[in-house]
1. Output the number of residues of segment 448-491 satisfying the condition of being hydroxyl-bearing (S, T, Y) and closer than 20 Å to P509 by Cα.
2. Limited to segment 653-692, what total is found for residues that are more than 17 Å from R775 (Cβ to Cβ) and assigned to a loop (DSSP other than H, G, I, E, B)?
3. Among the numbered conditions (1) within 28 Å of T557 (Cα to Cα); (2) surrounded by 13 or more Cβ atoms within 10 Å (Cβ to Cβ); (3) small (G, A, S), tell me where S476 comes up short.
4. Would you mention how many residues in segment 555-565 are buried (at least 23 other Cβ atoms within 10 Å of the Cβ) and within 19 Å of S187 (Cβ to Cβ)?
5. I'd like the residue in segment 484-536 that is under 26 Å from the mean Cα position of the chain (by Cα), among the small types (G, A, S) and modelled with pLDDT of 70 or more and, out of all such residues, is surrounded by the fewest Cβ atoms within 10 Å (Cβ to Cβ).
6. Grab the helices (runs of 4 or more DSSP H) fully contained in segment 137-254, keeping just those with 2 or more residues being modelled with pLDDT of 85 or more and of a type in the set (S, T, N, Q).
7. Restricting to segment 243-282, count the residues that are in contact with a Lys or Arg (Cβ under 8 Å, 6 or more places away or on another chain) and charged (D, E, K, R).
8. Condition (residue is touching a Gly at 6+ places or on another chain (Cβ under 6 Å), assigned by TED's automatic domain parsing to the domain that holds T557 and within 30 Å of E359 (Cβ to Cβ)) applied to segment 583-604: is it met by at least one residue?
Amino acid sequence: MARVVKSADDTMAVCPAILTEDSMQAQHLAATLALYNLTKGQSVHQLLPPTYRDVWLEWNDSEKKKEEEHKMEANKPRDQFIARLLNRLKQQQPQQQLENKPKASEDAEDSWENLLSEEEYSGLPLESPVTDDLEPARALFKKLQSTPRYQRLLKEREQLPVFKYRHSIIETLKKHRVVVVAGETGSGKSTQVPHFLLEDLLYNERNSSKCNIVCTQPRRISAVSLATRVCEELGCDSGPGGKNSLCGYQIRMESRTGEATRLLYCTTGVLLRKLQEDVLLSNVSHVIVDEVHERSVQSDFLLIILREILHKRSDLHLILMSATVDSEKFSSYFTHCPILRISGRSYPVEIFHVEDVIEETGFILEKDSEYCQKFLEEEEEVTIHVTNKGGGIIKYRENIPVQATSGIDLGPYYQKYSNRTQQAVFYMNPYKINFDLMLELLAFLDRSPQFKNMEGAVLIFLPGLAHIQQLYDLISTDRRFNLRERHRLVALHSVLSTQDQSAAFTLPPLGVRKIVLATNIAETGITIPDVVFVIDTGRTKENRYHESSQMSSLEETFVSKASALQRQGRAGRVRDGFCFRMYTRDRFESFLEYSVPEILRVPLEELCLHIMKCNLGSPEEFLSKALDPPQSQVVGNAMNLLRKIGACELSEPKLTPLGQHLAALPVNVKIGKMLIFGAIFGCLDPVATLAAVMAEKSPFTTPIGRKDEADLAKSSLALANSDHLTIYKAYLGWKKARQEGGYRAEMAYCRRNFLNRTSLLTLEDVKQELIKVVRAAGFATTSCCHGDTDSLSHQETALLKAVLTAGLYDNVGKIMYTKSVDITEKLACVVETAQGKAQVHPSSVNRDLQTYGWLLYQEKIRYARVYLKESTLISPFPILLFGGDIEVLHRERLLSIDGWIHFQAPVKIAVIFKQLRSLIESVLKQKLENPKMSLEDDKILNIIKELIKTENII
């Protein structure tokens, strides 16, 4: 008789013949065996209790092993021949790819596809040879194990908290196909878990027939730095993807992989693109999804697909690695898979809130400081009627500031602080990062007896690249900081090159303090080893959806409590640490516990496009399987918008040629459509600038009490009755001042024209990124619009307005022209939209526009009344070309667009424009079939361009 063996964790191991404790167990076992034989190939075992599920899996593994042995025996002669042939071919190939060093990427975060070219993808090590011969990899691994580098770093690895869990991680992975590894930040899980797995697969020859591990990272800098570290630990001296390297990385536009690569660190986008080509990831043995707790749209999307693949592939293993946040949720999503909890290595961290920082540093908040709240936020609109001598009445409309109540009352907790501190806390604007106070704090760390001789780096958390640049400039020009001898300043952001950022991970000489400026990437994604001081601004950038514009944008917001605690923990890695929070204790208490998953707070058009491009069925049905499914109405709204802009077929979830191209652009669909038409009409540079403004915000500012001056400055730059083109003109003026006169001329230009320099810097970065993604999608064109506003002719302006219409339609309205006897009287511009009347916003250059025509607008917002923000005057041709359905009303001799926009014109005009629309679609279809096709000299597009340019000249 066989016996039942129980392991330490109460898992029953069953031999071929099974002895049970009682008749009830025997019945259950017999029922399991019957189910196993009746439902082979189905995932019924996932519904069984753990004991019987393990028995089922053992039966299944035993059968598969026998099948594989039989197959290998039958195919042995053929496999040996193919292996010899492959080795001969490899020896003949030149080694150019490994010697050519790819250029470092300076692009922003990965998005859906990350637009790797087919040539780049052919280099992915996910594609194994016909037979997965592990012998060369095993031989290389054994050779590397004996190197001094491997042995030296092994001692360092053994000090990591995760190392003592090595055996339990490997054993759990052998028993379960899905495992959640929940470890505190700094425990070493991101480098060691993939490393443990690789070593086990190469060391235990009998257990592994396939070894191809893919570890996804949410950010490129994480993928690069982790792969580099693991390479060193493996004893490789040639770096990721080198000749003797078992580990490599693949990020957008940069690939370091080689023939020996068995562990690949890549961004989530790279794996999503791989899934388009190989829906079952048939050549991958293990997928590790790291930082899964961040809950990005990409990672949630990937989890849905991986759960489906696990049903179809019994040999695929999945490891989800998370911070200690919400790990039970991931476990229950994958049928209550086991959770391995790993404690971190942390020292106590002393916390100082902003009130403590002000008290200690002696900081004084001046009343005229830009960081001071004036409490004049509310304004009351007052209309004054003045009767002149002739009896005429003149109307004056003014916005009068409403003075808030004075007096400081912060509550009993703040009574222990000085009046200076209480006043600063009360008046300081919590929504604005106080750079003056941060510089004061950095100087305090250098002069304070408690901190000045303390070794250790300072890590400063900032929301985005523009803030990093701003603080970098301020520290660099501040005489209190000696960047040659006493301080080392490092900026850490995904758009900076990988070489520039390596300084963040190296230890400076004794007596030199390293100051690292970073975004939330340094929360969990990467670990800077020597951090002792953390300065947390409490701000981050999140994707937020705006119903008014039907667009999402990166918006600065407060972090969650979980994120604040992660940031705090970065200070306690090497010794007792210090965390300086640039927000009050009360503010911290008001933070959300966790961030809302991105899938629940962003529009889903891009996601729906990707689902349809991957042929994953109906987006509504697919997204219902998500970890946190979005509401069906939100998905329905996304699909309606895709149909409206012509990206999706009306009758079925299938992409049109335009939709196929939009799916290749990691941007909002409206902005994507604008960029595509900007590229094919040869005006990508100005259109990318306008698209960047829509993705971010207008650089124009209105300081409290200076509204009239700000409006006047904006009006002086006004161009072609368009807020969008006015912003473009202001942007070009800023670039010119920056290039010709340097920092001083740039700041003078910004002050004179009421422009925000930080917004302009962000705008420039986003614009360059948009141009890169459009070019990467195959739309490389020369620009017909010049870089100087003086040379923006009427024809070029008309073309830009047409492209704006392509992107923003159906945000359009008819101007309700009001004739006035008094030419000096300024009447507000009122517009009739599909949803009713609205007024142009008072900050617009079109606020008192009175003419016949159509107004395009970016968004509609409601205050006391409905306002249209960022508007542009357009003519009929762009609406006829890029608007909704054209219908002919024969009796009235009218053309109707979407049932409410009417033009008086002959029937043949409707026929012509319908034909022009189908010709544009045919061009896009041809471009889809032949991505390298140049559109520069396309006759159809040139005819349409001429038509747009000459509309008001004919």
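1. Of segment 448-491, the ones hydroxyl-bearing (S, T, Y) are 448, 472, 476-477.
Still in the running and closer than 20 Å to P509 by Cα: 476.
Summing the residues that are hydroxyl-bearing (S, T, Y) and closer than 20 Å to P509 by Cα in segment 448-491 gives 1.
2. Adding up the residues that qualify gives 4.
3. (2)
4. Residues in segment 555-565 being buried (at least 23 other Cβ atoms within 10 Å of the Cβ) and within 19 Å of S187 (Cβ to Cβ): 1 in total.
5. Result: A503.
6. Numbers: elements: 148-157, 166-175, 189-203, 220-233.
Result: 166-175, 189-203, 220-233.
7. Going through segment 243-282 one residue at a time, the tally reaches 3.
8. As a first pass, look at segment 583-604 and keep what is touching a Gly at 6+ places or on another chain (Cβ under 6 Å): 583.
Add one more test, that the residue is assigned by TED's automatic domain parsing to the domain that holds T557, and what stays is 583.
From the residues that got through so far, the ones that are within 30 Å of E359 (Cβ to Cβ) too are 583.
Checked segment 583-604: at least one residue is touching a Gly at 6+ places or on another chain (Cβ under 6 Å), assigned by TED's automatic domain parsing to the domain that holds T557 and within 30 Å of E359 (Cβ to Cβ).
The values are calculated or read from the model by the stated rules, or taken from the named source; none is laboratory data. Predicted model, so just to flag it, every value in this text is computed and none were measured. Cβ atoms come from the backbone with ideal geometry, glycine included; neighbour counts cover every protein chain shown.
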